[in-house]
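In what follows, a single structure is set out as structure tokens and then discussed.
Derivation of every value follows stated rules applied to the coordinates shown; laboratory data play no part. In this text the structure is predicted, and so the values were computed from the model without any measurement. Here the Cβ is made from the backbone with ideal geometry for all residues, glycine too, and neighbour counts use every protein chain on show.
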Amino acid sequence: MILDTMDFTDFYKKVYSIFSGYFSNEEVNQLMEYVTILTDANFRCYKANMIVIAERKKGVVDDVLISEMEWVARSVGEYRVSSKARINLYISQIKTTKEKTTPTTLSNDDIVYSIGEMMDRLSIETIKREDFRVNNRPAHMTISCLALSDRVEKYLIDKLVDIDQKGFYECVHEQRTYDLEGIVKDLVL
């Protein structure tokens with residue numbers, strides 16, 4: 001069964017709780033707007049991809065449906081990238097109080113190991129766990145997802161501590177290969 005809707009309340013509460021230790025209420029609220037857009041895009045991408053997979057498993061496929069869902073996945077993929085970039089840019093604007101220095105390890109390299117990427121991974125793993133639960137998938141799948149989420153959460157907190165200590169968060173805007181401007185097509189999901 002493909003999830004039709006999903007309640008992200010617990011996910012949002014957890015992320016809000018983590019961020020609230022490092023940002024003002026106003027800043028957390030702004031970050032949560034970007035996280036909400038990212039999560040919605042991830043969920044739409046999940047649904048579109050699952051519909052395509054289900055359709056491709058049929059003997060006779062609906063090419064129009066596949067085309068529509070692949071367009072949804074591509075379009076919301078761009079929302080995902082934009083949301084991650086906005087999270088990173090916003091944090092760099094509010095947390096940079098000192099001149100940037102060269103990172104010494106992967107974990108304190110903000111470009112390679114960004115908060116936007118961590119939010120993306122956490123929301124994806126949340127969607128997976130719900131899908132596994134609803135579809136009665138083997139327990140080891142959920143356990144594996146949870147282990148990944150726990151690890152990302154730990155490093156998210158470490159990253160936030162590191163940012164406070166070093167006095168900056170570095171952000172380089174990701175340049176996109178895809179140019180979707182001029183394509184006027186509503187998303188069906």
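Can you list, bin by bin at 5 Å, the percent of alpha carbon pairs in segment 70-148, starting at 0?
3, 13, 16, 17, 16, 15, 10, 6, 3, 1, 0
Over the chain, with a Gaussian network built from C-alpha contacts below 10 Å, which listed residue (Thr39, Thr105, Thr126) shows the highest mean-square fluctuation?
Result for the chain, Cα springs under 10 Å: Thr105 fluctuates most.
Using the alpha-carbon atoms, what tilt in degrees (0 to 90, nearest 10) does helix 63-95 show relative to the longest principal axis of the chain?
10
In degrees, nearest 10, range 0 to 90: what is the angle between the Cα axis of helix 139-166 and the longest Cα principal axis of the chain?
Computed tilt is about 30 degrees.
For the chain, what relative contact order do you get, as a whole percent, if you take Cα pairs closer than 8 Å and at least 6 residues apart?
Working: 176 pairs, mean separation 54.6, N = 189.
Worked out over the chain, it gives 29 percent.
Excluding the sites themselves, what is the longest stretch of the chain that contains no trypsin sites (Lys or Arg not before Pro) in a DSSP loop with at most 14 other C-beta atoms within 10 Å?
Working: sites that count: Lys57, Lys58, Lys98, Lys100, Arg176, Lys185.
My reading of the result: 101-175 is the longest stretch.
To make sure I understand, if each residue's beta carbon is the centre and we count other beta carbons within 10 Å, what order do Val81, Val15, Val112, Val64 fall in, fewest to most?
Details: Val81 17, Val15 24, Val112 11, Val64 8.
Sorted ascending by nearby Cβ count, the order is Val64, Val112, Val81, Val15.
Please sort by residue number the GluC sites (Glu not before Pro) in segment 67-162 whose DSSP state is loop and whose Cβ has at most 11 other Cβ atoms within 10 Å. It would help to have the intermediate numbers written out before the result.
On the way: sites: Glu68, Glu70, Glu78, Glu99, Glu117, Glu125, Glu130, Glu153; in loops: Glu99.
Counting only loop positions with at most 11 other Cβ atoms within 10 Å, the GluC sites (Glu not before Pro) in segment 67-162 are Glu99.
In 5 Å bins starting at zero, report the fraction of Cα pairs in the chain per bin as a rounded %.
1, 7, 14, 17, 18, 15, 12, 8, 4, 2, 1, 0, 0
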